[in-house]
Amino acid sequence: MPSLIKKRGAMRYQASVTVNGIMRQKVFQDDSQRSKRDAYLWEEKTRKELEVEQSTINTVSLAVGDWVNQYLEEAEQRFAKVTFDEKKAAFTRFFTDTGLIKDSPIEGISLTVCRNYLIKQNRERSGNAANKDRKNLGTAWKWGLDYLEQWPKGLNPILSIKKFPEKREPRYVPPEEDFWKVFELTSGQDRVMLLTFLHLAARRSEVFHLKWSDVDFSSKRIRLWTQKREGGNQECDWLPMTTELRSVLLKWWEERLAQTTADKDHVFLCLDEFFFCEEYYGKPFKHRQHLMKRLCEKANVKPFGFHAIRHLSASILYKKGNSVSVIQSILRHKNPNTTTRYLRTIGLEDTRSALEEGFRMPGKVIEFQKAVNG
């Protein structure tokens with residue numbers, strides 16, 4: 001239906017037609033009845049033309065299943081597993097709720113279908129959940145537009161829908177005393193791992209994938225690898241290694257030399273000899289779902305996980321009066337150039353001082369029992 005708009009200081013009628021996500025618009029001379037009538041006629045004619053155009057162009061249509069399979073195949077290679085799983089889950093929900101099947105044409109993903117789906121996610125889950133699905137599905141649509149032939153031109157029906165209001169609960173940051181209560185219940189590798197999380201403000205995957213080649217004892221620094229960057233690129237950052245952490249890791253390295261495990265590259269391995277760990281023994285960790293829960297219950301503190309330790313590290317440094325720029329450099333939150341810019345502006349030793357001052361472990365240096373060969 002024609003609408004009045006103001007253009008170049010004058011009111012004019014604008015005609016607008018959308019067919020299968022493709023929009024056509026035309027602005028008429030003025031706001032007279034004649035312009036309004038001409039706009040109506042133009043809309044009727046253009047709508048018929050678009051319908052004919054769509055029926056002829058899309059005689060061979062791309063199937064939804066082809067799009068999803070090709071996108072997820074590339075996403076699995078480009079993104080971290082947690083990101084890939086999030087994208088895959090969004091597709092599963094979308095097709096379950098909309099009733100679309102793998103043979104459905106892409107044109108079946110209309111603005112109305114997408115809007116109804118996201119409204120349901122907002123109502124049944126949350127605005128934040130709906131917006132995550134909107135982002136993941138909308139990004140996949142843009143990928144199809146860029147890389148797939150026979151892709152429908154026009155507006156992105158997913159990203160055309162406005163974001164939903166979000167209610168974000170603050171992340172739980174455990175009190176420092178709770179961390180040390182849990183820490184005191186650990187020994188051996190678990191104790192070294194928790195200290196590594198705290199001193200480096202590291203993500204779970206960064207610690208699980210840490211190799212001895214990433215630990216530079218002579219220069220007192222550690223290299224962390226992450227895929228949480230734009231495009232899923234794997235990037236590394238060097239962080240200073242505190243004196244306390246260096247001492248503990250050095251003792252753990254000596255302990256590992258005496259062990260008979262086949263994997264000598266990774267810093268942390270599954271060394272539990274429970275029956276359900278047999279297939280993982282001697283291999284790098286992928287998940288440690290129950291460790292923190294079990295320790296928190298035993299310490300009688302509110303449960304927290306590995307990622308909460310990352311936030312605790314930031315909290316401790318902030319309370320110590322360190323600048324935001326230093327803390328952001330330690331957390332490595334920004335793009336791949338963040339570390340370079342940081343080293344150029346504040347220097348490595350400033351970060352080292354912040355870490356040294358922030359994390360002084362109470363008590364003695366960790367002692368390890370020597371492994372018995374055989």
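Read-outs throughout are calculated quantities, based only on the coordinates presented, and are distinct from any laboratory measurement. Quantities reported herein were computed from a predicted structural model and do not represent experimental measurements. Cβ coordinates were reconstructed from backbone atoms using ideal geometry, including for glycine residues, and neighbour counts include every protein chain displayed.
Ordered by the number of other Cβ atoms lying within 10 Å of each residue's own Cβ, fewest first, Lys251, Lys87 fall into the sequence Lys251, Lys87. Under the combined filter of DSSP loop state and at most 10 neighbouring Cβ atoms within 10 Å, the range 80-169 retains these GluC sites (Glu not before Pro): Glu149. Our summary gives the range 191-273 a relative contact order of 31 percent, counting only alpha carbon pairs under 8 angstrom and 6 or more residues apart. Going from the fewest other Cβ atoms within 10 Å to the most, the residues Met11, Met292, Met1 appear in the order Met1, Met11, Met292.
Structure shown: which of Lys88/Lys264; Lys26/Lys135; Lys48/Lys162; Lys162/Lys286; Lys102/Lys142; Lys87/Lys162 lie over 27 Å apart, alpha-carbon to alpha-carbon? From Lys88/Lys264; Lys26/Lys135; Lys48/Lys162; Lys162/Lys286; Lys102/Lys142; Lys87/Lys162, over 27 Å: Lys88/Lys264; Lys26/Lys135; Lys48/Lys162; Lys162/Lys286. Backbone phi angles across the range 241-251, fed through the Karplus curve with coefficients 6.51, -1.76 and 1.60 (θ = phi - 60°), yield HN-Hα couplings of 9, 5, 4, 5, 5, 4, 4, 5, 5, 5, 5 Hz in residue order; Gly and Pro are listed as x.
Each of Leu145, Leu224 was scored by other Cβ atoms within 10 Å of its Cβ. Listed from fewest to most, they are Leu145, Leu224. Among rounded, prolate and oblate, which fits the range 73-117 when a ≥ b ≥ c are the square roots of the eigenvalues of its C-alpha gyration tensor, a/c under 1.5 means rounded, and a/b larger than b/c means prolate? Prolate. Shape analysis of the range 57-157 places it in the oblate category; the axes a ≥ b ≥ c from the Cα gyration tensor give an a/c of at least 1.5, with a/b not above b/c. Around the amide H of Lys283, modelled in the peptide plane, lie the amide H atoms of Cys270, all under 5 Å away and 5 or more residues distant in sequence or on another chain.
Entry note, the range 64-147: relative contact order of 35 percent, from Cα contacts under 8 Å with a spacing of 6+ residues. Pairs of Cα atoms nearer than 8 Å and 6+ residues apart set the relative contact order; for the range 3-57 it is 29 percent.
Ignoring aspartates and glutamates fewer than eight residues from Lys302 along the same chain, the ones with Cα atoms less than 13 angstrom from its Cα are Glu176, Glu177, Asp178. The HN-Hα couplings worked out from phi for the range 187-195 by the Karplus form 6.51 cos²θ - 1.76 cosθ + 1.60 (θ = phi - 60°) are 8, x, 4, 4, 5, 5, 5, 4, 5 Hz, whole numbers, x standing for Gly and Pro.
Under a 5 Å amide H cut-off, with hydrogens placed 1.01 Å from N, Lys211 pairs with Val267 among residues at least 5 apart or on other chains.
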